[in-house]
Structures are given as C-alpha cells and as structure tokens.
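The values are calculated or read from the model by the stated rules, or taken from the named source; none is laboratory data. Not measured: the values here are computed from a predicted model. All Cβ positions, even for glycine, are placed from backbone atoms using ideal geometry, and neighbour counts span all protein chains on display. Calculation scope for accessible area: heavy atoms of the full protein, side chains included, ligands and nucleic acids excluded. Shrake-Rupley method; radii C 1.70, N 1.55, O 1.52, S 1.80 Å.
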Amino acid sequence: MKLKKVVTCVTSIILSFSSINFTLGSEIDVLNFRDAVKKAIEYSGTLKSYDEENEITKREISGTKLNFVSSETPEQISNLAIQLKELYAKLEKNKLSANDEKEAIEFSVLSFFINTINAENNLKLYEEELTLKEKKLKISETKLKYGKISKNDYENEQIEYKNLIKEKEELQNLIDDSYVSLNKVLGNNLNIIYNLDLGEEILYDKIGEVNLDSEIILAIDRNNSIRSQRETVDIAKYSLSLFISGTGNDTREAKIVNYNKELRNLEDQKTTLKENITKNYNEIIKLENEYDSNIAELENLKKQLQIKELNLKLGKITAIEIEEHKYEIKKLENTMQEQIYQHELLMRKFKNSALL
C-alpha cells in the first residue's frame, strides 16, 4: 500500500470542507449525498452574503434612480448613468457567483464523499495485508527455527509488518480527523462516524471523441466569471464614452487606461480557462488509458489465479500464495474503483468550467 497518495486524498477532505457551513439535525449514522448538498446550500454563509448584498444594491438602485430624475447638469447625469450600470452589473454578478457557489458546494460534498470512501476502502486493504503479513511471519518464524532463512531476513519482515501497522493507524487517524472536520460544519457531535451514501452508483463512461477547440469556445462563452469580466469591460467602455471634461478627478487618459486594463484582464481569464480546460482534458485521457491498462491487467491476474489454484491442488504452491494473489486482485479492483470516482470528478470539471 502507498500511504502518501492516500494521505493526500484524505487531507484534501478537510481542506475542501473548510469553507462550507451547514448543519444537519440530530445525530445520524447515515449521511446521504443529496441531503448533505441541500443542507450545505441552505446554510452557506457565502450565499447568504450574496442575498444581503443584493438587498442593499437594490436600495442603492432605487436611490440612484431618484437622483437621476432630479439631476440637472450633464455631469450629474453622466455619473449617475454610470453608477446605475455598475449597480445592475453587481446584481448580475452576484447572481452568477451564487450559481457558481452552489455548483462548487455540490462538487466539494461529492469530493468529500469520494475521498472518504476511498480512504475507508484502503483501510480495509491494510487490514487484509496485515493478516497476510501475520501469516507469513509465522511461517518465517518456523523457517528461522530450522535455519531456512537468516535472522536478518526475519527481522526485516518484522520491521515491514510494524511499519504497516503504523501506516494503517495513521490512515485511520486521518479518516477520524476528516469526520471531526465534517461534524464541525454539520454542528453535530464530533465523534460521529457516518455511513456515507452516494445515493446512486457512479458509472464509468468514456469522454469519447471531443473537438477540444469547440469545447473551449463554448466554455468561455458560458463561464460566469468571464461573463462578469465582460460586463466590467462594458462598464469601462461606457464610462469612457460618457466622459465629460472637468468631471471629477478622472481624466480621459485614465479612463482609457482602465478600459485597456479590464480588456487585458478579460483576455487573461480566457487564456487561463483555455489552459485549465486543456489540462483537465489531458488528465481525463491519461486516466482512461490507465483504466484500460488495468482492465487488461485484471483479466491477466484472474487467469493467473486459475493456474495457481490448479497448482495448489497439485501441491506445487502453498495456500498463502493463493491468498496473496487474491489480495493483489482486490487491490487492483480497488484502484480501478478509485479511477472511476476520479474520472467522475474530472468529467464534472470538464462539463462545468466554473469548477476548474
């Protein structure tokens, strides 16, 4: 077992939930994915802040409209027209940001479920591996007694076994910590360990043929952050078009500089999104290739098992060799399940660029 990879996944559980604030009712031992998402959205502090900001902005719009009607000078009219455009843009930006936040919350909840389930499955594999190591240690102890292995080899096996115990304990502690972190934001007893229910099986479906350039164009067009930045550019352009000399502290040159800056920011966001989509797509293709390789490897291991079972009947191998081989099959199947989950997360990012 490779603990480093597992530790990284479980550590991400705590980090991904650190900004989510939601509460469930009484103590439970089953946590359903959809219920958790619903509660997370309902109690999100960020979403509540958007609602509060919108109420203030709506009042500011009403006040600005009244001032606009009573304004007398071209300078006042120009400034108030720009303010109104900015306030309406703020309302739209908060609406788009709220939609993205809901998507991000659902993705964070799903990531937590997947990472925790993966970690708990890995913990079971550790337990099986420890059982195998215990059996092998007993065999080695007998071999040492009759001089068939050296004391150094036996001690190395003992060290390997003890290290495996430490790794298992470390993984268990990380899982426990992740549940503590979750229970803090749930408002529940910190010691509750959930039976996580994804609600439905996550199926593996290849991405298939993709016109990446077309997907990038669509993603840029639909991305809410870029939409908001486009609106910022429009406001800067609008402000420039309404510029009246002698109004306020701004100069025409300053407004031109601001417009060009926001235009560059827009292009930078497009470039960054294109890079992230391309990287995400490449990760999907790489994962699918690895999964295909594992399918072939799994088939090969199962064929080898049939041969080994025949050799066991013929007395050519020992029972523990069969157990070890079955363990390797389980470990590979577990890896493939992790790849299915990871594929689902990557595909969600590919379909929704706000998650990148």
Residue satisfying condition, being under 20 Å from Ile117 (Cβ atoms), touching a residue at least 24 places away in the same chain (Cβ under 8 Å) and β-branched (Val, Ile, Thr), within set Ile295, Ile340: Ile340
Out of the residues in segment 167-204 that are among the acidic types (Asp, Glu) and assigned to a helix (DSSP H, G or I), state the one that is modelled with the lowest pLDDT. Asp177
State the number of residues belonging to segment 150-189 that are under 16 Å from Glu127 (Cβ atoms) and among the basic types (Lys, Arg). 3
Kindly indicate whether Leu345 is open to solvent by 50 Å² or more (accessible area, probe 1.4 Å) and over 19 Å from Ser293 (Cα atoms). no
As an exercise: evaluate Glu253 against (1) touching a helix residue (DSSP H, G or I) at 6+ places or on another chain (Cβ under 8 Å); (2) modelled with pLDDT under 95; (3) assigned to a helix (DSSP H, G or I) and give the number of the one condition it does not meet. (1)
Name the single residue, out of those in segment 66-84 being open to solvent by 70 Å² or more (accessible area, probe 1.4 Å) and farther than 18 Å from Tyr238 by Cα, that is modelled with the lowest pLDDT. Glu72
Could you please tell me which pairs satisfy a Cβ distance under 7 Å, a separation of 6+ or placement on different chains, a first residue in segment 98-111 that is open to solvent by 40 Å² or more (accessible area, probe 1.4 Å), and a second residue that is of a type in the set (Ser, Thr, Tyr)? Glu101/Ser44; Glu101/Thr46
Could you tell me which residue of segment 179-204 is surrounded by the fewest Cβ atoms within 10 Å (Cβ to Cβ), considering only residues that are within 16 Å of Ile114 (Cβ to Cβ) and out of contact with any Phe, Trp or Tyr (no Cβ under 9 Å at 6 or more places or on another chain)? Glu201
Residue that is most open to solvent (accessible area, probe 1.4 Å) [pool: residues in segment 296-341 that are β-branched (Val, Ile, Thr) and part of a helix (DSSP H, G or I)]: Ile307
If I ask for residues that are under 15 Å from Lys166 (Cβ atoms) and open to solvent by 40 Å² or more (accessible area, probe 1.4 Å), which ones from segment 117-135 would you list? Glu127, Lys133
Have a look at Val210, Val233 and point out the one that is open to solvent by less than 70 Å² (accessible area, probe 1.4 Å) and under 30 Å from Met336 (Cβ atoms). Val210
Determine whether segment 37-48 contains at least one residue that is closer than 19 Å to Ser108 by Cα, touching a residue at least 12 places away in the same chain (Cβ under 8 Å), of a type in the set (D, E, K, R) and touching a helix residue (DSSP H, G or I) at 6+ places or on another chain (Cβ under 9 Å). yes
Quick check on Glu262: is it in contact (Cβ under 8 Å) with a residue 12 or more places away in the chain, farther than 20 Å from Gly208 by Cα and touching a Ser or Thr at 6+ places or on another chain (Cβ under 6 Å)? yes
Quick check on Lys168: is it touching an Asp or Glu at 6+ places or on another chain (Cβ under 8 Å), surrounded by 15 or more Cβ atoms within 10 Å (Cβ to Cβ), charged (D, E, K, R) and in contact (Cβ under 8 Å) with a residue 40 or more places away in the chain? yes
